[in-house]
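Here the structure comes first, spelled out in structure tokens, and everything after it is commentary.
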Amino acid sequence: MKAQRLVRTTGTLAILSLLGPVPAQSQSMMRPDVMGREAAVVSDHVLASNAGAAVLRRGGNAVDAAITMAAVLAVVRPHMNGVGGDNFLLIREAKTGRVYALNGSGRAGAKATPAFFAERKLTQVPSTGIMSVSVPGAVRAWEDALKRFGTISLSGALQPAIDYAERGFPVSTRLSLDITEESRKVSSDSSLSRIFLTNGKAPAPGTILVQADLARTLRTIATGGADVLYRGPIAQQIAAFIEREGGLVTAADLTSHKSQWQEPISTTYAGKIVLAFPPNSQGMTFLEMLNIAESAMPANEAANSAPMIHALAEASKLAYQDRDRFLADPAFSSVPVDRLISKAYAADRARVIRRDTVAAPDRSGAARDGNGDTIYLSVVDKDGNAVSMIQSLFAAFGSGRMVPGTGITLHNRGALFELSVEHPNVVTPGKRPFHTLSPAMALNADGSLAAAFGTPGGDGQPQTLVQILNNVLRYGMTPQQAVEAPRWRVFAGGRLGVEPGIDAATRAQLERRGHVVRVQEPSAEFGGAQMIVIHSSGARMTGADPRREAYAVAW
């Protein structure tokens, strides 16, 4: 795909190919462009990216590399994802050109009813702790992806992760700081604190962190397959621990868990077919934002100008309003996806937006902001197979509970259920919760791959995805420039967080429109975006966000 920019011409969008590598909007970068002719990987940690690259160099395909990377990330980003979490994958098969969606999210336990919480005088599902735990789906999805599209076994994919868990890996400055920030949560669980704290403190940068219990668990999975986590001895340990601690997930819930193959949802934008994950993911929110933006964005405005930010911020609030009203597990509630991501509906919603004043309603009832303690990775191999994958514990260290002797930190996705029986996302046994995770892809009009991209960031993921995609398609930035560009984010209650790269004059114009602007240093709250964009030459162009620990490899 050629780097591109968009201009308004008589009310329509026209795509202009850039003639060279100079972006439409120049800016300094913290990192150089990483590009290659044959293949590329990008993930939230250098060790994972190198492991994925090694798989491709040995002849493996994109799915082999992605699952290998996901397993390594479960070890080297232990507070953000793992065996006890969920994942979603978009997989493009080069030989057919089809894109598949693999839903690796788990379901609520058999005890998860509004009555359960009402009996305990709770008005919402606790944000952490054992009652926030739902079935972890990640490992089953690892195996299912490899069985359908991989060329290596799950055992082979797990070997680098086992090595890093067993022999250890150097703690980065970022990981040390992250553990320090969560030291109170970690110290409240004896299994977590034994591994991640020494005398109450996080390991210093350079310390070798060994996770022997997790290594044994991964070895057991490598030998017996995913079933050992859902039906075997590890499943028994998990279920016994949850029951003892007063949780909602039973052994039968683990036994019955299955991944689900789904069809991606899509819209068209800037000459591309943009793919997202269907509900229970908030991927529809990203597509709705794109469609509203297409109607509402001003003509010929620079990236991060006040009119541009205003239009996109207002579009995001409208899309979130619909998300919070409708998004749920479609197996239990009818979610009007086709209507919400239609162009006609977006045009109608865009009429709410006013050029010079805030008009879209705030999300004052939403309380899902968070950083999203999540990892993202993408892979494009030499044949054009591609994976856009996201994996998470939701909060840092998930529920804050580790199953003793296993190294498995249980996620807290169940916290996103509602307790009102009137809400489509009301907690119900066997139901998947609302999910913030939303990997994405873009295809050219002929169906060939244009880009694989995604970001951590919890509630804010759709906003980050819209910004980085616009940076590439509208403003002609390379992927690295696109992910490093200054960002903004609308938070619940109407606050507009902006990074310092958005200048004072722009901030003043936004405030005059009625936005409550707050300057925030670049951080995980603005996501950790990563991209692989395919140039028209076939080159794999990568973007790895310095806001986290993202790292790309290409050749």
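The values are calculated or read from the model by the stated rules, or taken from the named source; none is laboratory data. Since the structure is predicted, the reported quantities are computational estimates derived from the model, not experimental observations. Cβ placement follows ideal geometry from the backbone for every residue including glycine, while neighbour counts extend to all protein chains displayed. Quick note on the areas: whole protein, heavy atoms, side chains included, nothing else; ligands and nucleic acids left out. Shrake-Rupley method; radii C 1.70, N 1.55, O 1.52, S 1.80 Å.
Tabulated values for the structure
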{"read-out": "Area accessible to solvent at Glu243, 1.4 Å probe radius, in Å²", "value": "130 Å²"}
{"read-out": "Relative contact order, percent, the chain [alpha-carbon distance under 8 Å, six or more residues apart]", "value": "26 percent"}
{"read-out": "Cα-Cα over 29 Å, subset of Lys111/Lys317; Lys272/Lys317; Lys95/Lys343; Lys111/Lys185; Lys382/Lys431; Lys201/Lys317", "value": "Lys111/Lys317; Lys95/Lys343; Lys382/Lys431; Lys201/Lys317"}
{"read-out": "The chain: antiparallel DSSP beta bridges as a percent of all, rounded to 5", "value": "90 percent"}
{"read-out": "Solvent-accessible area per residue for segment 253-337 (1.4 angstrom probe, square angstrom)", "value": "28 Å²"}
{"read-out": "Calculated [θ] (222 nm, deg cm²/dmol) that DSSP helices of n ≥ 4 give over the chain, each run adding -39,500 (n - 2.57)", "value": "-10000 deg cm²/dmol"}
{"read-out": "Label-point separation, Ala505 to Arg174 (7 Å along Cα→Cβ), nm", "value": "3.4 nm"}
{"read-out": "Cα-projected label distance for Arg58 with Lys382, points at 7 Å along beta-carbon direction, nm", "value": "1.6 nm"}
{"read-out": "Protein-only accessible surface order, largest first, of Ile208, Ile234 at 1.4 Å", "value": "Ile208, Ile234"}
{"read-out": "Lys/Arg +1, Asp/Glu -1 at C-beta; segment 126-282 dipole; positive extreme among Thr180, Tyr269, Ile152", "value": "Ile152"}
{"read-out": "Only Lys, Arg (+1) and Asp, Glu (-1) charged, at Cβ; the chain dipole about Cα centre in debye", "value": "240 debye"}
{"read-out": "0 to 90° range, to nearest 10: angle between helix 138-149 axis and the chain longest Cα axis", "value": "70 degrees"}
{"read-out": "Charge dipole of segment 356-470 about the Cα centre (unit charges at C-beta), most positive-ward option of Phe394, Gly460, Val358", "value": "Phe394"}
{"read-out": "Efficiency of FRET from Cβ geometry, Trp555 and Ala347, R₀ 45 Å, rounded to 0.05", "value": "0.55"}
{"read-out": "Length-normalised contact order for segment 457-537 - Cα pairs under 8 Å, 6+ apart - percent", "value": "34 percent"}
{"read-out": "Computed E for His535/Trp261 - FRET, C-beta separation, R0 30 angstrom, nearest 0.05", "value": "0.45"}
{"read-out": "Whole-number percent relative contact order across segment 126-266, with pairs defined as alpha carbons under 8 Å at least 6 apart", "value": "32 percent"}
{"read-out": "Separation of the Asp338 and Ala240 label points, Cα + 7 Å toward Cβ, nm", "value": "5.1 nm"}
{"read-out": "Of all accessible heavy-atom area on segment 400-488, the percent that carbon and sulfur account for (1.4 Å)", "value": "55 percent"}
{"read-out": "Phi-based couplings in Hz for segment 517-525 (Karplus 6.51, -1.76, 1.60; Gly and Pro marked x)", "value": "8, 10, 7, 10, 5, x, 7, 4, 4"}
{"read-out": "Whole-number accessible area per residue in Å² for segment 117-207, which is evaluated in the context of all protein chains at 1.4 Å", "value": "49 Å²"}
{"read-out": "Protection proxy ranking, peptides 492-500, 118-126, average beta carbon neighbours within 10 Å, highest first", "value": "492-500, 118-126"}
